[in-house]
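Please read the structure below before turning to the comments.
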Amino acid sequence: MKELSLHILDIGENSVRGDGKNITIEVLEDLQQDTLVIRIVDDGRGIPPEMLKTIKNPFTTSRTMRKVGLGIPFLNDTCMMCGGKLDIQSTVGVGTTVTARMQHSNIDRPPLGDVPATLMTLFASHPEICFTYHYSWRDKEGNGDEFEISTQDLDEILEGVPLSTPSVYVWVQEFLADNMKAVRGEGE
């Protein structure tokens, strides 16, 4: 995948298919430690141990419509190519945590991509699920900030107006983008 945000979308959709009702998406950029961490945590049905052992293999998938699943193997390859690793922890009946860690400055690291658009795709497509997004940024001196919002927070702000409403969709996407820029100290 050309952008890491597409991996976020893929893993987020996996969490939805796994019956997650509360899904947390974290993006942690730490230039001082030279790391980029993407973590997605859900409270879904979990992955059976026998499947977890082979989940990084493209021929391991829970889908019945096709015999391959490329999202996890591609993300694993990206992490390894960028001096990092992909870790998947899961407990049946409890949920799954997918942590992708890579060297931030690695020349092979794909760009983060349009995270606000990815989030809005997930938020608007699955209004029954509580998504939480946490973004953290640290510069080379260790200074930084963070931002967190949930669909529950947005629902309260919007007083129940659906996130799929076109004007709301655009506003929330811009809100996410503006807050990510502010955390990075851009546009001040």
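Remarks
- Footprinting exposure proxy for E146, E141 (fewest neighbouring C-beta atoms within 10 Å first): E141, E146
- Computed from the C-beta positions of T97 and N143 and an R0 of 22 Å, the FRET efficiency is 0.20 to the nearest 0.05.
- Expressed in units of 2.2 N^0.38 Å, where N is the residue count, the Cα radius of gyration of segment 1-41 is 1.31.
- With a simple spin-label model that places each label point 7 Å from the Cα along the Cα-to-Cβ direction, the separation between D34 and D153 comes to 3.2 nm.
- Considering only I23, I88, I107, the mean-square fluctuation computed in a Gaussian network model of the chain, springs between alpha carbons under 10 angstrom, is largest for I107.
- Put simply, the Cα atoms of segment 4-183 extend 43, 40, 25 Å along their principal axes, the longest span coming first.
- Hypothetical label at H134: residues of segment 1-40 whose amide nitrogen lies under 14 Å (7 Å Cα-Cβ projection): 23-29, 37-40
- Placing +1 on the Cβ of every Lys and Arg and -1 on the Cβ of every Asp and Glu, with no other charges, gives segment 4-183 a dipole of roughly 1040 debye about its Cα centre.
- Bridge type composition, segment 4-183 - antiparallel percent by DSSP, nearest 5: 75 percent
- Note: relative contact order over the chain, using C-alpha pairs below 8 Å and six or more positions apart, is 25 percent.
- Legend: calculated FRET efficiency, A117 to D19, from the Cβ-Cβ distance at R0 = 22 Å, rounded to 0.05, equals 0.30.
- M80-A177 FRET efficiency (beta carbon distance; Förster radius 35 Å; 0.05 resolution): 0.70
- Restricting attention to segment 4-183, lysine pairs at least eight places apart or on different chains and with alpha-carbon atoms under 28 angstrom apart total 12.
- Aspartates and glutamates whose Cα lies under 16 Å from that of K2, excluding same-chain neighbours fewer than 8 positions away: D10, D77, D108, D114
- In segment 33-188, a dipole from Cβ-located charges (positive for Lys and Arg, negative for Asp and Glu) runs towards its positive end, and of Q103, H126, S167 it is Q103 whose Cα lies farthest in that direction.
Read-outs: derived from the displayed coordinates by stated rules, not from any lab. Predicted model only: the values in this text are computed from it and were never measured. Reconstructed Cβ throughout: ideal geometry from the backbone, glycine too, with neighbour counts over all protein chains shown.
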